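The values are calculated or read from the model by the stated rules, or taken from the named source; none is laboratory data. As the structure is a computational prediction, the values presented were derived from the model and not from experiment. Every residue, glycine as well, gets a Cβ built from its backbone with ideal geometry; the counts of neighbours run over all protein chains shown. Quick note on the areas: whole protein, heavy atoms, side chains included, nothing else; ligands and nucleic acids left out. Shrake-Rupley method; radii C 1.70, N 1.55, O 1.52, S 1.80 Å.
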Amino acid sequence: MSSTSPTPDRTGQPAVVVSDVTKSYGDRRAVDGVSLEVRRGEFFGLLGPNGAGKSTLVEIMEGLRKADSGSVTVLGESPWPRNTKLLPRMGVQTQSSAFFVRQTVHEHLRTVAALFGADSKAVDTTLEAVGLGGLRDVRVDSLSGGQRQRLAIASALVHGPELIFLDEPTAALDTEGRRDLWGVLRGLKAEGRTIVYTTHHLDEAEALCDRVGILVSGRLVVTDEPQNLIGAFGAASRLLVPLGRIDEQQAAALPGVDGVTVQGGHLVLETRATGRVLAALDPLTGLDGVQTRSPSLEDVYLEITSRQTRPSLAANTARDTNSTHDTDSTNRQEQQA
C-alpha cells in the first residue's frame, strides 16, 4: 500500500457529514431522512438487514449516486456531481467491482495505481497485504470469487486514500482471509485513515468498529459504540449447561432465567442475572462444564431490528386485512345486486 500518510486535519471537521438524505426507487424509500457524521480517523460500520439501504447510502457518500434530497459533504467537498478532486483522496470497493480481466493481477493493480498517480512500489506492498503476492502473474479472469474480492480491496487501497469505503469487503472471503483483512484494516486505522464499511458479520463489526449505525427500512435507528449499545440494551447472557444435568422445566424455574432452549448438546439458559442463576444452578448440577456467553453486538442488533420491523409487519397485516375486508364487501354487494 502507499506509504503516503493522510494530510493532517487542522479544521476539526468530520470526514463525512450526511444531513437528512433521502433516496427513493419508485414507491420504495431506500434511504429515509438519514443524518450522520463520520469523524476523521474513525472506523465506522453501517449495519442492517438486506434491503435496509446500506449500499445506497454508501454510494451516495461516494458520489456514485445522487440523493433525492438532503446534503452530503465528504472531506469538506460535495461528492455530487462527480467530484474528480475527491477521487485520489478516496478508496472505493463496491459489491460489483470492475476489473481489467485480461491483465494479470500485478498489471491490473499497476494500472489502477497509475490512474491515481500512486507510486508503483505500492503495488507489490498492497498485493502482499491482501494475500495476493503469490498470484501476481495470474490473469484476473482466472481468479476465484474470493481472490477477486481481495483484488477489489487492493484496488481501493493501493493509492493510500484518506477515506476508504468498503461495501461488505469480507463477503466472499474464508475465515483466514477475513482475519488477514482485519489486520490490514487495523493498520490503516492506526495510520489515521478513515474507514466506512458495511457488513453482515456482527462479530467483525464488534471487533473493528469505533462506532456503528444500524439501518432498518432506510432509517438510521441508532448510532453508538458497540460496547455502549451492548450495555444500553441490556441484552441477555447465555449459560450453556450440558444436556442431562437438569431438565427444561427445572431450568425455566430457576430464579433469573428468562428463557430456555436446546441447542446441540446443551440446554441454553438466557438471563440478565448471570450470578444469580449460577448460584441457583451450582447446588443442583455443579458448574463443571457450564459455559457462559456474554451478550454481543449480534444480540443487540437482532433485538433492535426485530423491534423496528414488527410495526411494519403489523401495518402490512392490517393493510392486507383491510384489503381482504373491502374485497369481501364488494363481492357481497355484487352478489346482492
- [ ] Report yes if some residue within the stretch 96-105 is modelled with pLDDT of 95 or more and open to solvent by 70 Å² or more (accessible area, probe 1.4 Å); otherwise report no.
- [x] no
Task: Neighbours by Cβ (under 9 Å, 6+ apart or cross-chain): first from the stretch 32-51, part of a loop (DSSP other than H, G, I, E, B); second charged (D, E, K, R) and open to solvent by less than 20 Å² (accessible area, probe 1.4 Å) - done: 41/193; 48/54
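Residue by residue, here is whether (1) part of a helix (DSSP H, G or I); (2) closer than 20 Å to residue 181 by Cα; (3) touching a residue at least 40 places away in the same chain (Cβ under 8 Å); (4) touching a Pro at 6+ places or on another chain (Cβ under 9 Å) holds:
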| site | (1), (2), (3), (4) |
| --- | --- |
| 88 | yes, no, yes, yes |
| 100 | no, no, yes, no |
| 111 | yes, no, no, no |
| 125 | yes, yes, yes, no |
| 148 | yes, yes, yes, no |
Open item on the list: Criterion first (polar (S, T, N, Q) and either assigned to a strand (DSSP E or B) or without any contact (Cβ under 8 Å) to a residue 12 or more places away in the chain (or both)) does residue 73 satisfy it?
Closed with: yes
Task: Complete set of residues in the stretch 72-85 that are within 21 Å of residue 212 (Cα to Cα) and either surrounded by fewer than 16 Cβ atoms within 10 Å (Cβ to Cβ) or β-branched (Val, Ile, Thr) (or both) - done: 72, 73, 74
TODO: Just give me the residues in the stretch 55-66 being surrounded by fewer than 20 Cβ atoms within 10 Å (Cβ to Cβ) and of a type outside the set (D, E, K, R), in sequence order.
DONE: 64
Task: Enumeration of residues in the stretch 230-277 that are in a helix (DSSP H, G or I) and charged (D, E, K, R) - done: 248, 276
- [ ] Identify the single condition in (1) open to solvent by 20 Å² or more (accessible area, probe 1.4 Å); (2) out of contact with any Asp or Glu (no Cβ under 6 Å at 6 or more places or on another chain) that residue 157 does not satisfy, given that it satisfies every other one.
- [x] (1)
- [ ] Spot the failing condition for residue 167; the list is (1) surrounded by fewer than 18 Cβ atoms within 10 Å (Cβ to Cβ); (2) among the charged types (D, E, K, R); (3) in contact with a strand residue (DSSP E or B) (Cβ under 7 Å, 6 or more places away or on another chain), and only one is missed.
- [x] (1)
TODO: Could you tell me which residue of the stretch 23-82 is nearest to the chain's Cα centre (by Cα), considering only residues that are within 23 Å of residue 193 (Cα to Cα) and among the aromatic types (Phe, Trp, Tyr)?
DONE: 44
Task: Options 276, 186: the member that is more than 30 Å from residue 92 (Cβ to Cβ) and open to solvent by 50 Å² or more (accessible area, probe 1.4 Å) - done: 276
